[in-house]
Amino acid sequence: MTLTDIPLRELKKARNKVALYNASLSLMGEKMFREVMLDDICRAAEVSRVTFFKYFQRKEDLLLYFMRVWLTERIIEVEAEGMSGFAAIRHLMGKVAEQNRERIGLMPSLISFLAEMKMHPDMPEMSKAEVLLLFPHHVELGSRSPNMFELFHQCMTEAHKSGQLRSGITVDRAVQLLLTIFYGAFLTAQLYNSPDVADVYETHLLLLENH
């Protein structure tokens with residue numbers, strides 16, 4: 001299926017949603033997401049407030065949309081490069097550090113929002129048109145709802161089989177620790193005003209890895 005196969009009405013809806021997503025990212029810069037005004041997002045996307053609420057129940061749902069897109073992109077990269085085990089995990093966390101250099105308020109905003117939701121986000125469903133717009137060369141992977149827990153479990157299973165996982169740490173325990181590292185090490189970097197989030201991630205990952 002290509003964009004030409006999508007009815008114009010559905011394509012327009014998808015373009016509006018993607019425009020709102022891109023507008024929200026472009027407006028963040030060094031701001032926290034709460035500081036970005038909905039009217040500014042709508043204006044940048046050339047979409048009315050009424051139209052916005054046809055697609056998203058609240059402004060913060062754009063953070064979940066970002067999480068959905070970002071994690072899907074990472075899964076695509078991991079599969080395309082044939083990464084596994086700790087190599088895949090380091091790639092993922094390296095991308096967090098890279099994103100933080102571009103928009104320093106995004107990850108803290110996401111963590112704060114997830115904490116309010118008790119860390120159980122419902123990944124937004126995407127239409128075929130949205131998938132084609134966002135992941136034109138990876139439609140099959142883009143259509144799947146990404147799951148960080150499953151990705152971490154896959155990577156730690158691979159690490160265990162290859163002998164990379166530190167002895168005495170089970171796959172399930174390693175997954176729990178990775179989730180703690182993913183969010184907690186980032187906050188630790190913020191607490192210590194560390195300019196290198198990737199280095200803080202690496203310090204924690206070494207505790208899990210067999211040497």
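The values are calculated or read from the model by the stated rules, or taken from the named source; none is laboratory data. Note that this is a predicted model, so its numbers are computed, not measured. Ideal geometry is used to build each Cβ from the backbone, glycine not excepted, and the neighbour counts take in all protein chains shown. The protein model used for the area step is the full one, side chains on, heavy atoms only, and it has no ligands, DNA or RNA in it. Shrake-Rupley method; radii C 1.70, N 1.55, O 1.52, S 1.80 Å.
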Nearest 10 degrees, 0 to 90: what angle lies between the long axis of helix 61-81 and the longest principal axis of the chain (Cα atoms)? 50
Taking only the C-alpha atoms, wrap a convex hull around segment 1-157 and report its volume per residue in Å³ as a whole number. 112
Choose one of L11, M1, T188: the residue whose Cα lies farthest towards the positive end of the charge dipole of the chain (beta-carbon charges +1 Lys, Arg; -1 Asp, Glu; about the Cα centre). L11
How high is the relative contact order of the chain, in percent, counting Cα pairs under 8 Å that sit 6 or more residues apart? 24
Skipping prolines and chain starts, which residues have an amide H placed within reach, meaning under 5 Å, of the one on L165, given they are 5 or more residues away or on another chain? H160, N210
Can you classify segment 143-211 as rounded, prolate or oblate using the Cα gyration tensor, where a ≥ b ≥ c are the square roots of its eigenvalues, rounded means a/c under 1.5, and otherwise it's prolate if a/b beats b/c and oblate if not? oblate
Within the chain, what whole-number % of the accessible surface is contributed by carbon and sulfur, with the 1.4 Å probe and all protein chains included in the calculation? 52
So what does log10 I(q)/I(0) come out to for segment 6-93 at q = 0.15 Å⁻¹, using the Debye formula with one equal point on every Cα and no solvent? -0.67
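If Lys and Arg each add +1 and Asp and Glu each add -1, what is the summed charge of the other residues whose beta carbon sits under 13 Å from the beta carbon of R49?
For residues surrounding R49, the net value is +1.
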Hey, can you find the accessible area per residue of the chain for me, probe 1.4 Å, expressed in square angstrom? 55
Multiply the residue gap between R166 and E125 by 0.36 nm, knock off their C-alpha separation, and tell me the result in nm, one decimal place. 11.1 nm
Remind me, relative contact order of segment 59-140 in percent, using alpha carbon pairs under 8 angstrom and six or more residues apart? 43
For segment 86-165, convex hull of alpha carbons as volume per residue, Å³: 133
Segment 19-111: GluC sites (Glu not before Pro) in DSSP loop, at most 10 other beta carbons within 10 Å: E30
Mind giving me the nanometre distance, one decimal, between the label points for L3 and Q57, set 7 Å out from Cα along Cα→Cβ? 3.1
Quick calc, the chain, dipole around Cα centre from Cβ unit charges on Lys, Arg (+) and Asp, Glu (-), nearest 20 debye, gives 580
Just to verify a number: FRET efficiency for K95 and R43, C-beta to C-beta distance, R0 = 41 Å, to 0.05? 0.90
